[in-house]
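Colleague: Okay, here's the structure, questions in a sec.
The values are calculated or read from the model by the stated rules, or taken from the named source; none is laboratory data. This is a predicted model, so every value here is computed, not measured. So basically every Cβ, Gly included, is an ideal-geometry build from the backbone, and we count neighbours across all protein chains shown. Note: accessible area is taken over every heavy atom of the protein model, side chains too, but ligands, DNA and RNA are not part of it. Shrake-Rupley method; radii C 1.70, N 1.55, O 1.52, S 1.80 Å.
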Amino acid sequence: MTQSVANGTASLERGANPTIKQKQQAFPLVLLAPCVVFLLVMFVAPLIYVIVLSVTEPRISAENYERIFASPVYLRVLWNTFQTALTVTLVSLTLGYPLAYVIARRSDWLGTCLLAIVVISFWTGFVVRTYAWLIILGNRGPVSNIFHWLGWEPPQLLFTSFSSTVGMVHILLPFMVLALLSVMKKIDALHLRAANSLGAPPFTAFRTVFLPLSLAGVVNGSILVFTFALGFYITPILLGSPRDLMISQLINQQIEEVLNWGFASALSIVLLSATLVTIIVGNKLFGLDRLWG
Amino acid sequence: MTEKDSVLWNRRSVLRHAAGVSAGAITTALLGLDSASAEAGTVYVNSWGGLWTDAEKVSFYEPFTKATGIRVQPVIPLSFAKLKAEVQSRNYQFDVTNLSVSDFLRATKEGLIDPIDWSVIQKDKLFPGAVFRDLGLLGNVGGTALVYRTDKYQDGPKSWADFWDVKKFPGNRAMWREPIRVVVFATLADGVPIDKVYPIDLDRAFRKLDEIKPHIRVWYQEGNQAMQLIRDGEVDMIMLWNSRVPELIKNKIPVDVVWNGAYHANTVWGVAKGAPNAKFGWQFAEFTTYAPGQAEFARLLSYAPSNPESYNMLEPDVAKWLVGYKDNGKHAIWGNPDWEVANIDRLEERFNDWLSK
């Protein structure tokens, strides 16, 4: 009797467990469904359409891809796009890391002020910010005036790769800072205190405790800024030299001006593939996925 | 403005969707709403937005509605790609568009434009030459000219050859990243007479462009950027839309236009293939060719009318900045849409390559 009750309970447990588990597993899936459907409709389907377009317009062939590799311009511009994106990412990281560090570690007026500046800059339209640089670095702008006041001939600042990089960093820096901040805010100050109490000088504590814990933010911020920068073209057009041509501009030209959507699709697919390869290689080299933890 | 645009789009697609389902009380209510607005009639016009649409409102939309009872709803911004998208998807945002003659010709070759509906257009009301190859009706004229600062050059440049002459005319220069006009001007600068420019010898044009490349401070992309360059004295000479010059003069910027060798091209009004309000669309297109509307548009934005009669209605102060005034157009070059359509794709590629080297 006891045995059978025990058996019964056991079988009940065995029987009930899977259904509860199934329910437990099914519930997140139900929650996830709208998001999955959204991604399928808004992202996967158009992506497939773009791939199809790239080999079917104007006719079924690989001619769009052949053309990309036949003319030197596309690969050169693609290469330049990646170089620019990398430069912008590194500069944003160099400037953004200390900034985020101060904001995360100081909860007084300084941290608040800096955060406010970053967020306000984030809210200002990027075209407005780009035009602001046209004035700041221009012939009659403040930078040029300072040089004149010192009695020097101002260097050519505007319409160079320098001004283009400055403009892009200005626009993308808030993304980097906010990505870093979201991770840095979670680092417990006690860890650093513990390191100190164990005899680590402040810099050693930072290097061995804070920095490794913040790397997830570095990776997130860098990938965010890098991918955004790859798609930029208005700022380089307005501020840069013709050599700062970005691949997105060529894609836009093909869509808007030439109406060659097949070729535009092929260019987009090449850009997407190159981006994926870059991130995969980055992952292999630096183990990015481990940092996401 | 974009927000309004998307609201409008949503309303239309909802209505169309509802019409497709065509069952249930809600649908009937929606259809009732739709037919109520259809009685008055609405035509959707693709337009650039901003000052352009404001000027179109005063010159064309409002007088058209007054004359016919048909309402005009602008759809912003003007987009060649949108035309292709709406015809391919049969999901129309606008019925009528106004493209540059080359883009228009390209659109007709891609099958995006319906030929003129002569059952709607009243032929006797059109000015001579208003019809573009039985496909559309002429709009205004957009010109691109050499514009220079008169405070920099007392005895200014007189031709594109002078623009290329950096010894005689030292100073910063800017050009528009628009390959067709750029190769046209290079060809003219190399001494080819206006009537021999087309078909353009591209090798010759790019050799000539190599000469000027180091002296071009900016290759601009946008009208407002160009205005800033010449207004702030960032450059002394610029390839610019001559319709923007009166605005500079009004702001006391010392500039002048070199009419010699200026490039002009018409815009053409047409109706998207299969557009739901095509009939209203052609009525509207015809209305835009009338002289008073075109004159008013020129008064507001300094784009030249295609209807010669409009010049009789214009004050000399306005007219003197337009290509059709006195001798302004005597040494002008007019775009050749056939050559341009046949060559744009490869030219764009070659130009990008040349520019990014």
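Colleague: Can you pull out the residues in segment B:192-245 that are farther than 21 Å from B:Y153 by Cα, away from chain A (no Cβ under 14 Å) and among the polar types (S, T, N, Q)?
Modeller: The one that is farther than 21 Å from B:Y153 by Cα, away from chain A (no Cβ under 14 Å) and among the polar types (S, T, N, Q): B:S243.
Residues checked against (1) at pLDDT 50 or above; (2) assigned by TED's automatic domain parsing to the domain that holds B:E247; (3) open to solvent by 70 Å² or more (accessible area, probe 1.4 Å):
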position: B:W9; (1), (2), (3): no, no, yes
position: B:A19; (1), (2), (3): no, no, no
position: B:E62; (1), (2), (3): yes, no, yes
position: B:T65; (1), (2), (3): yes, no, no
position: B:Q88; (1), (2), (3): yes, no, yes
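Colleague: Taking segment B:137-168 as the search range and keeping residues that are open to solvent by 10 Å² or more (accessible area, probe 1.4 Å) and of a type in the set (F, W, Y), which one is farthest from A:Q253 (Cα to Cα)?
Modeller: Here the residue is B:Y153.
Colleague: Of the residues B:G324, B:G329, B:G281, B:G335, which single one is touching a residue at least 60 places away in the same chain (Cβ under 8 Å), surrounded by 22 or more Cβ atoms within 10 Å (Cβ to Cβ) and more than 14 Å from chain A (Cβ to nearest Cβ)?
Modeller: B:G281
Colleague: Here's a follow-up. Does A:L39 satisfy being modelled with pLDDT of 95 or more, in a helix (DSSP H, G or I), under 21 Å from the mean Cα position of the chain (by Cα) and not polar (S, T, N, Q)? Spell out how you get there, then give the answer.
Modeller: Details: modelled with pLDDT of 95 or more: no; in a helix (DSSP H, G or I): yes; under 21 Å from the mean Cα position of the chain (by Cα): yes; not polar (S, T, N, Q): yes.
Answer is no for this residue.
Colleague: Still on this structure: Filter segment A:49-71 for residues that are more than 13 Å from chain B (Cβ to nearest Cβ) and either within 23 Å of the chain's Cα centre (by Cα) or surrounded by 15 or more Cβ atoms within 10 Å (Cβ to Cβ) (or both) and give the result.
Modeller: Matches in segment A:49-71: A:V50, A:I51, A:S54, A:V55, A:Y65.
Colleague: Output the residues belonging to segment A:21-53 that are over 30 Å from A:E63 (Cβ atoms) and of a type in the set (G, A, S).
Modeller: A:A26, A:A33
Colleague: Next question, about the same structure. Kindly establish whether A:V183 is at pLDDT 90 or above and of a type outside the set (S, T, N, Q). It would help to see each step written out before you state the result.
Modeller: Values: at pLDDT 90 or above: yes; of a type outside the set (S, T, N, Q): yes.
Judged against the criteria, A:V183 is a match.
Colleague: Filter segment A:140-163 for residues that are open to solvent by less than 60 Å² (accessible area, probe 1.4 Å), within 12 Å of another protein chain (Cβ to nearest Cβ) and part of a loop (DSSP other than H, G, I, E, B) and give the result.
Modeller: Answer for segment A:140-163, where residues must be open to solvent by less than 60 Å² (accessible area, probe 1.4 Å), within 12 Å of another protein chain (Cβ to nearest Cβ) and part of a loop (DSSP other than H, G, I, E, B): A:G141, A:L157, A:L158, A:F159, A:T160.
Colleague: Something else about it: Between A:V166, A:V128, A:V118, which is closer than 30 Å to A:T208 by Cα, among the β-branched types (V, I, T) and either surrounded by fewer than 18 Cβ atoms within 10 Å (Cβ to Cβ) or at pLDDT 90 or above (or both)?
Modeller: Within the list A:V166, A:V128, A:V118, the selection yields A:V118.
Colleague: From the list A:L172, A:L181, A:L95, which one is under 26 Å from the mean Cα position of the chain (by Cα), of a type in the set (A, V, I, L, M, F, W, C) and open to solvent by 60 Å² or more (accessible area, probe 1.4 Å)?
Modeller: A:L95
Colleague: Among (1) in contact with a helix residue (DSSP H, G or I) (Cβ under 8 Å, 6 or more places away or on another chain); (2) open to solvent by 10 Å² or more (accessible area, probe 1.4 Å); (3) more than 20 Å from B:V341 (Cβ to Cβ), which single condition is B:I212 missing?
Modeller: In the conditions (1) in contact with a helix residue (DSSP H, G or I) (Cβ under 8 Å, 6 or more places away or on another chain); (2) open to solvent by 10 Å² or more (accessible area, probe 1.4 Å); (3) more than 20 Å from B:V341 (Cβ to Cβ), B:I212 misses (2) alone.
Per-residue answers, yes or no, for (1) at pLDDT 95 or above; (2) more than 26 Å from B:S47 (Cβ to Cβ); (3) part of a strand (DSSP E or B):
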{"site": "B:W219", "(1), (2), (3)": "no, yes, yes"}
{"site": "B:Q225", "(1), (2), (3)": "no, no, no"}
{"site": "B:Q228", "(1), (2), (3)": "no, no, no"}
{"site": "B:I238", "(1), (2), (3)": "yes, yes, yes"}
{"site": "B:D256", "(1), (2), (3)": "yes, yes, yes"}
{"site": "B:G261", "(1), (2), (3)": "yes, yes, yes"}
{"site": "B:H264", "(1), (2), (3)": "yes, no, yes"}
{"site": "B:T267", "(1), (2), (3)": "yes, no, yes"}
{"site": "B:G270", "(1), (2), (3)": "yes, no, yes"}
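Colleague: Let me ask something else. If a residue counts only when it is more than 14 Å from chain B (Cβ to nearest Cβ), which helices (runs of 4 or more DSSP H) contained entirely in segment A:168-262 have at least 1 such residues?
Modeller: Qualifying helices (runs of 4 or more DSSP H): A:189-197, A:202-205, A:211-230.
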